[in-house]
Amino acid sequence: MITFTTNVGDIEIELDFENAPLSAKNFLRYCEEGFYDYTIFHRTIKGFMIQGGGMTAKMKEKPAHAPIRNEADNGLKNTLGTLAMARTDEPHSATSEFFINVADNDFLDHTGRTADGWGYAVFGKVTAGMEVVKKIARAKTTTVAGYDDVPVATITIEKVVINLSSV
């Protein structure tokens, strides 16, 4: 449905509109607006996840739309290859940033409607390009402008292609 063309390869993504309608529509909106073009994967942790969708190559945060309601109570799990909404400590703070799980991360799943239990909303999965995701996760990292786990070599989402026949 969606292809991220990065400077290290393509990642194909399928969104789950049935189980995560708010998160999937939110993500698609950013894709349609071209928001993700020339953003970077600014946080990569081997054996955990890769995160992107909000920073420029100069580590400047892009202005995003208003936060959405956390849908982590949708029954979807943070398993290998799934996409989830990144957020702050506030459960309902997700905007444009997302992450791709590079392991089964059940500790990120919804366990209750409390600040600690909300979890991270899964809204899609990688359908092709997991080798690219894993390559990104293995990138050598450093600290930049107060952000940890930033790839030393910039990993850029160069463009996003939406396959409208799949939407």
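Look at the alpha carbon pairs under 8 Å that are at least 6 residues apart: their mean separation over the length of segment 1-105 gives a relative contact order of 24 percent. Pairs from the list Lys58/Lys140; Lys60/Lys125; Lys77/Lys140; Lys46/Lys77; Lys25/Lys58; Lys60/Lys134 with a Cα-Cα gap above 23 Å: Lys60/Lys125; Lys77/Lys140; Lys25/Lys58; Lys60/Lys134. Put the Cα centre of segment 49-102 next to the Cα centre of segment 126-162 and the gap is 14 Å.
Sequence-ordered 3J(HN,Hα) estimates for segment 87-97 from the Karplus curve with 6.51, -1.76 and 1.60 and θ = phi - 60° stand at 7, 8, 5, 6, x, 10, 10, 5, 10, 9, 6 Hz, glycine and proline given as x. Residues in segment 37-47 carry Karplus couplings, in order, of 4, 6, 8, 10, 7, 9, 8, 9, 10, 3, x Hz; the curve used is 6.51 cos²θ - 1.76 cosθ + 1.60 with θ = phi - 60°, and Gly or Pro positions show x.
The per residue volume of the convex hull around the alpha-carbon atoms of the chain is 100 Å³.
Close amide H contacts of Asp104 (hydrogens built in the peptide plane, cut-off under 5 Å, sequence separation of 5 or more or a different chain): Leu80.
Here, each number is a calculation from the coordinates, and none is a lab measurement. Since the structure is predicted, the reported quantities are computational estimates derived from the model, not experimental observations.
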